[in-house]
Amino acid sequence: MRPLLFAANWKMHLGPDDARAYLKAFRARYNRREHREVWFFPPAVSVEAAAQSARDRADLLVGTQDIYWEPKGAFTGAVSAPLALQAGARATLIGHSERRHVFGETDDDTRRKLGAALGAGLLPVLCVGETLAERDAGHTLAVVIRQLAAALSGLDGAALSRVVVAYEPVWAIGTGRTPTPADVVEVHNFIREHLTARFGAAGEGMRVLYGGSVKPSNAKELLTLANVDGALVGGASLKADDFLGIAAAYM
Ligand code: PEP
C-alpha cells in the first residue's frame, strides 16, 4: 500500500519566523496517522527553521523547492543537494512548473537535478504537467510521458522507489481551475500504467500526487480518485488551518 502524501509548496512565502510559527500551529493540531505523511517545501532560507520545528515528528518532513545539480562551486544563488541536506531538507521538488515556465528549466535539467537529489540522499518530487495550449491540442499524455521519460531515464529500481511524481496541469496551478475528476483519473491511470509497465514493482510503488488549485473544499473529490496518492498544494498550504483542512480532514 502506498502511504498517502500531502505536500505543501510555500513558493516564495513564509520566512524563518513564519515557518516556525506555522509548524508550531500545524503540529499542535495534526496528529500522526497511519499510512500518511506530510511534507513541507519552504523557500530555501526557511528550510532550517522548518526542519528544526518538525525534527521530532517522523511523519512530518521538510524539503527544498529546487536544487542545482552541481554539489558545490561558483554558482551564485543556487543551492546544491548536499547544502539543502545540511540545512535539514530530506526531499526536494524537481521541475515544478514555475521552474520550467518562469525560469526556463528543460527536461534535461530535471534529469540532472533528479540524479543529484538521489545521489545526495534527497527524496525527489518530480512535477510534470501540460500547459493549456498542450491540453487543447490533445497532447497532455504525450507531454507527461516525455517529461517522465526524460527525468527518469537511467534510474534503477532502488532509486525509482524513492521518487514521487506530482501531476500538475500548468493551467490549474494558482488559477482556481481544476480538471474534471474524469480528466484527473485519465492522466493518473495513464501515469500508473506507464510506471508499472516501464519499471515493474518499483514503478508500482511510486506515489503519484495531484496538484493544481487543491483546497479544503475540493480536496476530498480530487483525492479519493483512483490512483491519486495525495496532493501537492500551493496557495492553500500557506495558512496552517487551510492545509490542515486538506491533510487531516480527507478520509
Ligand atoms: C503548486 O504550487 O504546486 C500548486 C499546485 O499551487 P496551487 O495549489 O496554488 O495551484
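The values are calculated or read from the model by the stated rules, or taken from the named source; none is laboratory data. Since this is a predicted model, take the numbers as computed values, not measurements. Cβ coordinates were reconstructed from backbone atoms using ideal geometry, including for glycine residues, and neighbour counts include every protein chain displayed. These accessible areas exclude ligands, DNA and RNA; they are computed on the full protein's heavy atoms, side chains included. Shrake-Rupley method; radii C 1.70, N 1.55, O 1.52, S 1.80 Å.
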Exercise. Residues in region 154-166: is at least one in contact (Cβ under 8 Å) with a residue 60 or more places away in the chain and in contact with a strand residue (DSSP E or B) (Cβ under 6 Å, 6 or more places away or on another chain)?
Worked result: yes
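Do you know which residues across region 41-60 are in contact (Cβ under 8 Å) with a residue 40 or more places away in the chain and not charged (D, E, K, R)?
Initial filter on region 41-60 (in contact (Cβ under 8 Å) with a residue 40 or more places away in the chain): 41, 44, 47-48.
Within region 41-60, PHE41, ALA44, VAL47 qualify.
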For this session: Could you tell me whether any residue of region 186-196 is closer than 25 Å to HIS101 by Cβ, open to solvent by less than 70 Å² (accessible area, probe 1.4 Å) and out of contact with any helix residue (DSSP H, G or I) (no Cβ under 7 Å at 6 or more places or on another chain)?
Result: yes
For this session: Would you please list the contacts, defined by Cβ atoms under 6 Å and residues six or more apart or on different chains, that run from a residue in region 98-117 that is under 19 Å from PRO43 (Cα atoms) and of a type in the set (Lys, Arg) to a residue that is within 16 Å of the ligand (Cβ to nearest atom) and open to solvent by 30 Å² or more (accessible area, probe 1.4 Å)?
Result: ARG99/ASP66
For this session: Mind listing whichever residues of region 207-235 are buried (at least 20 other Cβ atoms within 10 Å of the Cβ) and under 24 Å from LEU14 (Cα atoms)?
Result: LEU209, TYR210, GLY211, GLY212, SER213, VAL214, ALA219, GLY230, ALA231, LEU232, VAL233, GLY234
For this session: Kindly check whether there is at least one residue in region 131-154 that is under 22 Å from LEU225 (Cα atoms), of a type in the set (S, T, N, Q), modelled with pLDDT of 95 or more and part of a helix (DSSP H, G or I).
Result: yes
Problem set entry | Meets criteria (open to solvent by less than 40 Å² (accessible area, probe 1.4 Å) and more than 19 Å from TRP10 (Cβ to Cβ)) for VAL144 | yes
For this session: Could you tell me which residue of region 173-226 is nearest to the ligand (Cβ to nearest atom), considering only residues that are among the polar types (S, T, N, Q) and either under 17 Å from ALA248 (Cα atoms) or in contact (Cβ under 8 Å) with a residue 12 or more places away in the chain (or both)?
Result: SER213
For this session: Out of the residues in region 4-35 that are in contact with a strand residue (DSSP E or B) (Cβ under 8 Å, 6 or more places away or on another chain) and open to solvent by 40 Å² or more (accessible area, probe 1.4 Å), state the one that is farthest from LYS220 (Cα to Cα).
Result: ARG27
For this session: Answer with yes or no whether LEU93 is under 14 Å from the mean Cα position of the chain (by Cα), in contact (Cβ under 8 Å) with a residue 24 or more places away in the chain and open to solvent by 20 Å² or more (accessible area, probe 1.4 Å).
Result: no
